[in-house]
C-alpha cells in the first residue's frame, strides 16, 4: 500500500492529516496493519491534536492542559473533513476537569464516518467552551449536596425560534418545594455578564406554544421526581449588532448554588431571553 501524499506545510499547520484507520486488505487478500498515527500541530484553547489514525475508525489523538486559573470542564467540537473539505462527522466531546498545569491525552473517534472515508482529510478543532468545575452540571452520578440536580437539554430550533429545556431533579431524600422561575444570567464567551440582554419571565414574552408559558404555581417534588422550565428566544436580526451569549448561569431558585449551561444563545438584535416557570415533569428523564 502506497503512503498517502503529505499536505503542504501551510495546511498541515492548521489541520491534522487523517490516514486510513483499521485493517485493510492488500491485493493478495492479506490484511495489513493499521497505519501509524500521523502528526499534527493544531492547537486551540488548551487542546492540541497530536496525531490521527491508528484506530478502527477515523480518529484523532489530542491533549488537554488544565488552565492556571482553575479546573474547568471543556466541551469541544471536533470536525472530521474529507480530502475535498466535505464534513463527514462532527463530534462533541465533554472533557472532565483537568488540574491546572496538568496535561492528559485522549482520543476522539468519528462514529458516523466509514473507515476509509477521510483518507487524506483532516480533523479541525471547532468551537471550544469551558465551564468552571464547581458549576458543571451533572445529569448522572452522585447527587449534589443540595439534593437538587439541574441540567439542560439540546434544545430545539424552528423558523428563527429557539427553545432549550431546563430540568430539575430532586435526587435528595426529602420533598422539595418549588415555586416560581429559575434565576438565569446570560454570559459572554469569557463568562462575563451581559447586561444588555433583557431576561423576561414567561415564555409567552417571546412566543406561545413552547411549553414555557403560563403562570408560576407552587408544587412539591418527591425524591426522584423532576420539574422542567424553558428558555425561549428568537435570532431575528434587524438594525443593530447581534447579541450572542454562549453560556447561561442558572440557579433553580434565587440564592441556590449555580450551574452553567451552554445553550449558545443567538439572540439576534432583539436581545431578549424569556424564561418559563418551573412545572412538574413526567418522570422519564
Determine, yes or no, whether residue 145 is in a loop (DSSP other than H, G, I, E, B), without any contact (Cβ under 8 Å) to a residue 60 or more places away in the chain and assigned by TED's automatic domain parsing to the domain that holds residue 246. yes
Might you check whether a residue that is within 16 Å of the chain's Cα centre (by Cα) and assigned to a loop (DSSP other than H, G, I, E, B) occurs anywhere in the range 127-135? no
Of all residues in the range 176-221, count the ones that are within 25 Å of residue 73 (Cα to Cα) and assigned to a strand (DSSP E or B). 6
Which number in (1) within 30 Å of residue 143 (Cβ to Cβ); (2) over 25 Å from the mean Cα position of the chain (by Cα) marks the one condition that residue 203 misses? (2)
Can you tell me which residues in the range 263-285 are at pLDDT below 95 and closer than 22 Å to residue 136 by Cα? 263, 264, 265, 266, 285
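The values are calculated or read from the model by the stated rules, or taken from the named source; none is laboratory data. Since we're looking at a predicted model, the values are computed, not measured. We place every Cβ from the backbone using ideal geometry, glycine too, and count neighbours over all the protein chains shown.
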